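Notes to accompany the following structure.
The values are calculated or read from the model by the stated rules, or taken from the named source; none is laboratory data. These figures come from a predicted structure and were not determined experimentally. Cβ placement follows ideal geometry from the backbone for every residue including glycine, while neighbour counts extend to all protein chains displayed.
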Amino acid sequence: MSPRRRPAPWLRMVALAVAVLVGSLALWHLGLLDASRLRDATRAAGPMAPVVFMVGYAGLTLFPVPKNVLSALAGALFGLGAGLALVWVAAMVGALVSFLIARAVDGRALDRLTGRHRARVEALLAHHGVASIVAIRLVPVAPFTVVNYVAGLCGVRWRAYAVGTGIGILPGTLAYVAVGAYGLQSPSRVALAGAALLLLMLAGTLWSRRLAGRRTDAD
């Protein structure tokens, strides 16, 4: 039996865009993306609301659970600017903690978390520093949490990891937070954010292929 072929990168990008659109429509239909109502509730919760959100988000990045819905929720609760800042900081904290955990433990202890993605992520990260980290963050090659742990396991320098992660997660974070912040109240802004994300993901796909080609030539 021939091995199963992985979906093409462009197909995964289209699937991601469709998932974002369908998810936002479903949440809007259920009344969960009523931004004004959610922000009123957040303001009533007081100054601890953003702190609790950030701690919870950072904690969830340690586990392979979907976090894009939480990014959209941040936009609905705090608006685009504050929501983007909160999610970016929380994601960075979680990514760095995961990276340090991977450095401190036996790699076999993380086999169940990294699973079948590990070899592919290691190949893309090998010997390319910041550029490879940015590319792999832009392209949905593997879940966010898996990339965090594998980067720690395969010896990526922490400065390159931190800089590459900070740059690479920004476009996707902006797109998802914009979905929550504007919902269907401003579909043009959401569409613009989604289009920009897809273009950047395409650029990341091309760049990761170029890096992989360089590695093959070097070997």
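Can you confirm whether A131 is at pLDDT below 85 and surrounded by 23 or more Cβ atoms within 10 Å (Cβ to Cβ)?
no
Answer yes or no as to whether L100 is surrounded by 14 or more Cβ atoms within 10 Å (Cβ to Cβ) and touching a residue at least 12 places away in the same chain (Cβ under 8 Å).
No, not satisfied.
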